[in-house]
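The values are calculated or read from the model by the stated rules, or taken from the named source; none is laboratory data. Given the structure is predicted, the values throughout are model-derived calculations rather than measurements. Positions of Cβ are generated from backbone atoms using ideal geometry, with glycine treated the same way; all protein chains shown enter the neighbour counts.
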Amino acid sequence: MIRCEDLSVSIHGEAILREVSIDIAPGKVTGLVGESGSGKSMSALAIMGLLPRGAEVSGRVMMGDENLLDTPERRMCDIRGNRIGMIFQEPMTALNPVKTIGDQVAETLIVHGKASRAEAREIAAEKLTRVGLPPDRFPLSRFPHELSGGQRQRVAIATAIALSPELLIADEPTTALDVTTQAQILDLLNELVDELGMSLLLITHDLAVVAGMADHVAVMKEGEIVEAGATEPLFRAMEHPYTKRLFAATAHQPERRPLPPEDPILDLTDVVREYPGPRKGVFGRGDPFRAVNAVSFQLHAGESLGLVGESGCGKSTLTRAILGLDPVQGGEIRAFDHRVGPDFPNALRSGIQVVFQDPYASFNPRWRVERLVAEPFHLMPAPPADRRERVAQVLEDVGLNPDAMDRYIHEFSGGQRQRIAIARALITRPDLIVLDEAVSALDVSIRAQILDLISDLQAEHKLSYIFISHDLSVVRAVTDRVMVMKAGEIVEAGVTQTVFDAPQHPYTRQLIAATPRIPEDWQEAKHA
Amino acid sequence: MLRFALTRALSLALSLLVASVVIFAVIEVIPGDPAAFMLGLNASPEAVAALREQMGLDGTLFTRYLAWFGGMLTGDFGVSYTYKVPVAELVAQRLQVSVPLALYALVLSTVIAIPVGVIAAATRGSVGDYGIMGATQLGIAVPNFWFAMLLVLVFAVTLRWFSAGGFPGWDAGLWVGMKALTLPAVALALPQASILARVMRSALIETLGQDYIRTARAKGLTRRQATVRHALRNALIPVLTIIGLQFSFLLAGAIIIENVFYLPGLGRLIFQGITQRDLIVVESLVMLLVFAVILVTFLVDIAYAAADPRLRRKR
Amino acid sequence: MRVPATLIAGAILSTFFLVVALASFIWTPHDVAALNISDKLQAPSATYWLGTDHFGRDTLSMLMVGARTSLAVAIVAVGIGIVIGVPLGLVAAATRGSLLDEIIMRGNDLVFAFPSLVIAILITAVFGPSAVNAILAIGIFNIPVFARVTRGGALSLWTLDYILAARVAGKGKARISIEHVLPNILNLLIVQGTIQFSLGILAEAALSYIGLGAQPPTPSWGRMLSEAQTMIYSAPRLAMWPGLAIVAMVLGLNLMGDGLRDLTDPRLRRERG
């Protein structure tokens, strides 16, 4: 269908792609995997002829006997949307906010002159029905902001397949979505491939997604294809060391030495957290929104407790309540035998610290690392005299050179920043660290390292963790007990192994079923 | 949409109320005895008493405020002390100059700025873009009254295409009236057009970088189609806000420009009111100006909601 | 990092006027207060570099002292805006969605309904014209401008994790506003400051021009222009110098503001690599 031959791209002289060759077979799903910055997306944009300004490209992208790289812009416009469709990662921003979804789908037909305005709307309604948005429930006159992320991605798909293209390029189409939504979107893509007989180029960082979807796989690293082939044999063989490493990191299981159970240090009973409704006029308020509803659990010293759930389920709200940042409207949170809330004493507060998701937003860019890491000392009556030594010590604990303390945060990579965030959480020698999606923004190989670090620190410092994540496989790997949260409530809780092996609640089952995984038997060869 | 308009209208009414209290306080409470203030030091006690009577200053502050504000609502703005005619009559006359002047300038600035901004954004980084950006930078820096003087020097004194000032009235014909307002409108419009063109350019560049533009291009739209169909409408949303804000600058600017060209508009009336200490005129006109600004802000809010579906259901 | 050319050009122009204004305290070619009718309306010469006006005052000296007036009014007016507006904006952002925030923002909207010229008219109508009233009028109008910029910038920071981390470290909203928020919106404020500064110079010139600003004998560019207007047929030269001075100074400040924004805008920085 499309064959890239020695495709190279450089932007302002910097090489992004080096002699990439991919074969996209007709009617098949081709997976392109790699970590961030590997050049996956750039390959797709090169095929579409939509590279950013200043990009220089060489090699060939053959569609039939036509080289798309030499094709004039006019003709490329005829091809885009008609013979090749594309969808992107961020459904929240991929649609024009001021146009209705019907118009946006119909536009594909209209710009290619394939239908009159009225016909285009009819076809748009059909296509939207096909992707699961029937007009009786989702009228064409809806605007994007009235839809959820998954629904918007469906609109984007309808737009891209409106003219039944020969190839659909999907660039991380489910990365921004929850796991159950991801499963639905992937199913939809699979069905469309069969129905329309089109090819699909699926770009993702997730090996498990590729394993479940693709007929062929190409693994990319630093602008080069390191390994390519039919999916199953490639996974079974894993000839290239990078593929092996990537795979090992995905399935990584940090070594854990379970600590003997001790007394509870955190105790939640029937905790309710409500947000006031939106302000109406100067004095009025709308109905309050209950983000956390009657949550109870205990956490013991030295224990790792997982909290899984999809976005908007109340995980982060619960975190903020546990950290004592927001008042609760019902029930009680007790830590170290004190009631937690905005007036929780600072001395005890230093016993609970936190690591956030985004390594880029977690630090004041104008402070040096020493001051950043030492910030929780504010909780102590007076900063310790050996502040610099303490900072140096925790930096060493997290595997960084103590010299780091005199540098600014922008000099560090994402993984290093997450280590600094952990150092900041360790500085007050806490008993409990809340890890709020702490590894979610990291590439798999970095993630594996950070997970190891977290496990080591737990044993060394006798820490308890609350490990919050949307990623079930990570939670499974690092926690003793797990709770599943949905719409503000804990629907299931128990020993991690038990919950994952024999889920009781339908929602838990749904979550586990939706999580993509690499078939067990593909992995046997390597363990042997 | 209706609900949105209603809540905005409510806040408009509230703003007007607060503004009127502020204006009333500054003009009628701070000077102590406004009548004595208006007549100056040499006024006879009888004259002051007569004016106090006319202005109703013997009532309590609250009844005076109610009388004034109620009068404003019913179109009774009081009687000018210096002109001895109802202020409403003066205003009606002067509006015939000021409103056309402000609109003329607004249209001129919008009609020039939007295409210029779009061209600059579309050819970003080119010589043309740099030229346009340089020219607008200069346009912003030029004080409009000085620019007005230069226009007079070139087009009235040297070339003699226009008269240097004055207004013959609309009775002399639409064309003659428009001609008399042309130099003032150009002087008013230039700095505003420069600002607007820059806003248009940066808004368009911003929207052209959005994900949905990439989606549109992936559908097969050409660069131009994507710009016209998707970027422009989104970029116009911030531009609309600026046009609304500019209205108040145009009103204020008109006060000055009317002085340069000796135009019998509201601006000159206010100005004469100040020099003649005619507080009755000043108070009513300031209220009127503030009303106009608040009203335009309200209209812009409504237009904003019409342009951006995300706002319609909020609030 | 490359320093934008606009910043250099703008800084040179602005510094030039600052130096001229400061120099006028110790030296001007002639005494601006002395009327010298016998030398009235002289063309530029070795004695009077830029000529004289209808009272025989030296134009260059008037311009130098006028720069002082302009700068003083604009600096104080921007100062008023920053000193009152920035704390209001910080408080509004820190208490986002509260009644206090609502009141501050509605108050802002209200002040926006009074353009600075209208405020000047109100003040002048009651207290009479003066430079101080011009400062007040421009300054009051600057308050909501800075409050709004501060609140907008602060709101986007309040959603960031490092603010949350500071709260976990037990820091209060006031302390966070000063330690974390303020330093990170400083560049926004500096850019807005230069913009308001140049607008202040334009506003001062306009107020002086219609007689609501600095009063004689204090020289100011706006009033020099209004005096020149009456002689525009006989001595158009007099209308040129003050106008050019205003344009050059405002241009300098605007270029500087643009340059600073380019320098500090992280998006542009990334593009430049």
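Look at the stretch B:125-150: where a residue is facing chain C (nearest Cβ under 8 Å) and a partner is not in a helix (DSSP H, G or I), sitting 6+ places away or on another chain with Cβ atoms under 9 Å, you get B:Phe145/C:Ile210; B:Met149/C:Ile232; B:Met149/C:Pro236; B:Leu150/B:Val142.
Of all the residues in the stretch C:43-53, those that are crowded, with 18+ Cβ neighbours inside 10 Å and either touching a Phe, Trp or Tyr at 6+ places or on another chain (Cβ under 8 Å) or over 19 Å from C:Met240 (Cβ atoms) (or both) number 1.
Listed here are the residues, each with its yes/no results for (1) in contact with a helix residue (DSSP H, G or I) (Cβ under 8 Å, 6 or more places away or on another chain); (2) part of a helix (DSSP H, G or I); (3) under 21 Å from B:Leu251 (Cα atoms).
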| residue | (1), (2), (3) |
| --- | --- |
| B:Ala36 | yes, yes, no |
| B:Ala50 | no, yes, no |
| B:Asp58 | yes, no, no |
| B:Tyr104 | yes, yes, yes |
| B:Ile119 | yes, yes, no |
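Among the residues that make up the stretch A:486-497, is at least one of them under 20 Å from A:Gln253 (Cα atoms), buried (at least 23 other Cβ atoms within 10 Å of the Cβ) and over 18 Å from the mean Cα position of the chain (by Cα)? Looking through the stretch A:486-497, none of the residues is under 20 Å from A:Gln253 (Cα atoms), buried (at least 23 other Cβ atoms within 10 Å of the Cβ) and over 18 Å from the mean Cα position of the chain (by Cα). Considering the stretch B:227-263, the residues that are over 25 Å from the mean Cα position of the chain (by Cα) and buried (at least 24 other Cβ atoms within 10 Å of the Cβ) include one that is nearest to B:Asn144 (Cα to Cα), namely B:Ala231. Could you please tell me which pairs satisfy a Cβ distance under 9 Å, a separation of 6+ or placement on different chains, a first residue in the stretch A:490-503 that is more than 21 Å from A:Thr269 (Cα to Cα), and a second residue that is buried (at least 19 other Cβ atoms within 10 Å of the Cβ) and of a type in the set (S, T, N, Q)? That search, which allows pairs on different chains as well, returns A:Thr496/A:Ser304; A:Thr496/A:Thr479; A:Val499/A:Thr508; A:Phe500/A:Thr508. Can you find, within the stretch A:121-163, the residue that is nearest to A:Ala106 (Cα to Cα) among those that are within 14 Å of chain B (Cβ to nearest Cβ) and assigned to a loop (DSSP other than H, G, I, E, B)? Here the residue is A:Ala162. Selection within the stretch C:83-117: residues that are more than 13 Å from C:Arg148 (Cα to Cα) and at the interface with chain B (Cβ under 9 Å from one of its Cβ atoms). The member of this set that is surrounded by the fewest Cβ atoms within 10 Å (Cβ to Cβ) is C:Ala113. Just one residue in the set C:Asp53, C:Asp109, C:Asp101 is among the acidic types (Asp, Glu) and closer than 16 Å to C:Arg223 by Cβ; that residue is C:Asp53.
Tallying residues that are part of a loop (DSSP other than H, G, I, E, B) and free of Cβ contacts under 8 Å to residues at least 60 places away in the same chain within the stretch A:70-83 yields 3.
Residues of the stretch A:450-468 being surrounded by fewer than 23 Cβ atoms within 10 Å (Cβ to Cβ) and of a type in the set (Gly, Ala, Ser), which ones? Within the stretch A:450-468, A:Ser455, A:Ala459 qualify. The helices (runs of 4 or more DSSP H) falling completely within the stretch A:368-469 that include 3 or more residues that are at pLDDT below 90 map to A:444-461. Kindly evaluate B:Asp278 against the criterion of being within 14 Å of B:Thr7 (Cα to Cα), more than 14 Å from chain A (Cβ to nearest Cβ) and surrounded by 19 or more Cβ atoms within 10 Å (Cβ to Cβ). Considered against the rule, which asks whether it is within 14 Å of B:Thr7 (Cα to Cα), more than 14 Å from chain A (Cβ to nearest Cβ) and surrounded by 19 or more Cβ atoms within 10 Å (Cβ to Cβ), B:Asp278 comes out as no. Pairing residues of the stretch B:176-187 that are farther than 16 Å from B:Thr110 by Cα with residues that are assigned to a helix (DSSP H, G or I) and hydroxyl-bearing (Ser, Thr, Tyr), at Cβ distances under 7 Å and at least 6 apart in sequence or on separate chains, gives B:Leu181/B:Tyr104. Considering B:Leu6, B:Leu17, the condition of being on the phi < 0 side of the Ramachandran plot, assigned to a helix (DSSP H, G or I) and either within 11 Å of chain C (Cβ to nearest Cβ) or of a type outside the set (A, V, I, L, M, F, W, C) (or both) is satisfied by B:Leu17 alone. Filtering C:Ala239, C:Ala248, C:Ala235, C:Ala203 for residues that are part of a loop (DSSP other than H, G, I, E, B) and away from chain A (no Cβ under 14 Å) leaves a single hit, C:Ala235.
State which residue is farthest from C:Ala72 (Cα to Cα) when the search covers only the stretch C:211-232 and only residues that are at the interface with another protein chain (Cβ under 10 Å from one of its Cβ atoms) and buried (at least 24 other Cβ atoms within 10 Å of the Cβ). For the stretch C:211-232, the residue satisfying everything is C:Leu225.
Evaluating B:Gly273 against the criteria (1) buried (at least 23 other Cβ atoms within 10 Å of the Cβ); (2) within 13 Å of chain A (Cβ to nearest Cβ) leaves one unmet condition, (2). When A:Asp206, A:Asp194 are screened for being modelled with pLDDT under 95, among the acidic types (Asp, Glu) and either buried (at least 20 other Cβ atoms within 10 Å of the Cβ) or farther than 18 Å from A:Pro26 by Cα (or both), only A:Asp206 passes.
To keep it simple, each residue is scored yes or no on (1) among the acidic types (Asp, Glu); (2) under 25 Å from A:Thr159 (Cα atoms).
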position	(1), (2)
B:Thr158	no, no
B:Asp171	yes, no
B:Lys179	no, no
B:Leu183	no, no
B:Asp211	yes, yes
B:Arg229	no, yes
B:Gly253	no, no
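Look at (1) in a helix (DSSP H, G or I); (2) within 11 Å of chain A (Cβ to nearest Cβ) and you find that C:Leu189 fails only one, number (2). So which residues in the stretch A:434-449 are more than 15 Å from the chain's Cα centre (by Cα) and either buried (at least 24 other Cβ atoms within 10 Å of the Cβ) or of a type in the set (Asp, Glu) (or both), if there are any at all? A:Val434, A:Leu435, listed by residue number. Of everything in the stretch A:344-377, what is within 7 Å of chain C (Cβ to nearest Cβ), free of Cβ contacts under 8 Å to residues at least 40 places away in the same chain and under 13 Å from A:Gly324 (Cβ atoms)? Give them in sequence order. Correct list: A:Asn346, A:Arg349.
Within the stretch A:472-515, if we keep just the residues that are out of contact with any helix residue (DSSP H, G or I) (no Cβ under 8 Å at 6 or more places or on another chain) and among the charged types (D, E, K, R), the residue that is farthest from A:Gly331 (Cα to Cα) turns out to be A:Asp501.
Taking the listed residues C:Ala147, C:Ala165, C:Ala174, C:Ala206, the one that is under 26 Å from C:Gly243 (Cβ atoms) and of a type in the set (Gly, Ala, Ser) is C:Ala206, with no other qualifying.
Screening the candidates A:Ala404, A:Ala361, A:Ala385 for the property of being among the aliphatic types (A, V, I, L, M) and closer than 24 Å to A:Ser316 by Cα yields one hit, A:Ala361.
Please find, within the stretch C:118-140, the residue that is farthest from the other protein chains (Cβ to nearest Cβ) out of those that are part of a helix (DSSP H, G or I), farther than 14 Å from B:Ala252 by Cα and free of Cβ contacts under 8 Å to residues at least 12 places away in the same chain. Per the stated criteria, the residue is C:Val132. Listed by first and then second residue, the pairs linking a residue in the stretch A:84-95 that is at the interface with chain B (Cβ under 7 Å from one of its Cβ atoms) to a residue that is of a type in the set (Gly, Ala, Ser) and in a loop (DSSP other than H, G, I, E, B), with Cβ atoms under 7 Å apart and 6 or more places separating them unless they lie on different chains, are A:Phe88/A:Ala94; A:Glu90/A:Ala176.
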